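Novice: Got a structure for you, questions after.
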Amino acid sequence: MTVSVLVRYFASARAAAGVEEEVLQLPAGASVAEAVVALRDLHPETLPRILQAASFLVDGVAVRDPSRPLPEGAELDVLPPFAGG
């Protein structure tokens, strides 16, 4: 069994991934941390450095525990550090 997760990239993460969003197929019960590993594997040249510093939202809620499982149809937002003031 697998789950489909919609990954949405913002700012420099979008530029590094080369897409605004993509659907990731993961084993049922996969965690946010496992999704991040899969994203590194999909974009090994450009995304790993950004993922290391990024924050993540699942269905609009900040991820505090990367072992949190991802439900079917979840939206995973990748938010790189933002500068500004």
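Novice: For the stretch 5-85, give me the percentage of DSSP beta bridges that are antiparallel, rounded to the nearest 5 percent.
Specialist: 75
Novice: In nm, what is the difference between 0.36 nm times the number of residues separating SER31 and ASP65 and their Cα-Cα distance? Mind showing how you got there, number by number?
Specialist: Details: separation 34, 0.36 × 34 = 12.24 nm, distance 0.93 nm.
Net length gain for the segment: 11.3 nm.
Novice: Please list 3J(HN,Hα) in residue order for the stretch 30-42, calculated via the Karplus relation 6.51 cos²θ - 1.76 cosθ + 1.60 where θ = phi - 60°; whole Hz, with x for glycine and proline.
Specialist: For the stretch 30-42, the Karplus curve yields 5, 9, 4, 4, 5, 5, 5, 4, 4, 5, 4, 5, 6 Hz.
Novice: Mind putting a number on the dipole of the chain about its Cα centre? Charges go on the C-beta only, +1 for Lys and Arg and -1 for Asp and Glu, and I need it in Debye to the nearest 20.
Specialist: Numbers: 6 positive and 11 negative charges, 56 e Å.
About 260 debye.
Novice: In whole percent, how big is the carbon plus sulfur part of the accessible area of the stretch 2-54, probe 1.4 Å, protein atoms only?
Specialist: 53
Novice: Continuing with the same structure: Please give me, ordered by residue number, the trypsin sites (Lys or Arg not before Pro) of the chain that lie in loop per DSSP and have at most 10 other Cβ atoms within 10 Å.
Specialist: When the trypsin sites (Lys or Arg not before Pro) of the chain are filtered for loop state and at most 10 Cβ neighbours within 10 Å, ARG64 remain.
Novice: For the stretch 62-70, take each phi angle, set θ = phi - 60°, evaluate the Karplus expression 6.51 cos²θ - 1.76 cosθ + 1.60, and give the result in whole Hz per residue in order, putting x for glycine and proline.
Specialist: 4, 8, 9, 10, x, 7, 4, x, 9
Novice: Under 5 Å between amide hydrogens, which residues at least 5 positions from VAL3 or on another chain qualify, with H placed 1.01 Å from N in the peptide plane?
Specialist: LEU26, ALA28
Novice: Taking H placed 1.01 Å from N in the peptide plane, check which residues at least 5 places from ALA74 or on another chain put their amide H under 5 Å from its amide H.
Specialist: Amide H to amide H, under 5 Å and 5 or more residues apart or across chains, ALA74 pairs with LEU6.
Novice: Filter the GluC sites (Glu not before Pro) in the stretch 20-81 down to the DSSP loop ones having no more than 14 other Cβ atoms within 10 Å, then list what survives. Please list the in-between numbers first.
Specialist: Working: sites: GLU20, GLU21, GLU22, GLU34, GLU45, GLU72, GLU75; in loops: GLU20, GLU45, GLU72.
When the GluC sites (Glu not before Pro) of the stretch 20-81 are filtered for loop state and at most 14 Cβ neighbours within 10 Å, GLU20, GLU45, GLU72 remain.
Novice: With a cut-off of at most 13 other beta carbons within 10 Å, and DSSP calling the residue loop, which chymotrypsin sites (Phe, Trp or Tyr not before Pro) in the chain qualify? Please list them.
Specialist: Values: sites: TYR9, PHE10, PHE56, PHE82; in loops: PHE10, PHE82.
Passing sites in the chain are PHE82.
Novice: Consider the candidate values (1) 59; (2) 39; (3) 25; state which one is percent of Cα pairs over 20 Å apart computed from the structure displayed.
Specialist: Computed from the coordinates, percent of Cα pairs over 20 Å apart corresponds to (3).
Novice: For the stretch 72-78, in order, what is each residue's ³J(HN,Hα) by Karplus, 6.51 cos²θ - 1.76 cosθ + 1.60 with θ = phi - 60°, in whole Hz (x at glycine and Pro)?
Specialist: 3, x, 5, 10, 10, 9, 9
Novice: How much accessible area per residue does the chain have, in Å², with a 1.4 Å probe?
Specialist: 58
The values are calculated or read from the model by the stated rules, or taken from the named source; none is laboratory data. Keep in mind that what you see is a predicted model, and the values were worked out from it rather than measured. We place every Cβ from the backbone using ideal geometry, glycine too, and count neighbours over all the protein chains shown. For accessibility, only protein heavy atoms count, side chains too; no ligands or nucleic acids. Shrake-Rupley method; radii C 1.70, N 1.55, O 1.52, S 1.80 Å.
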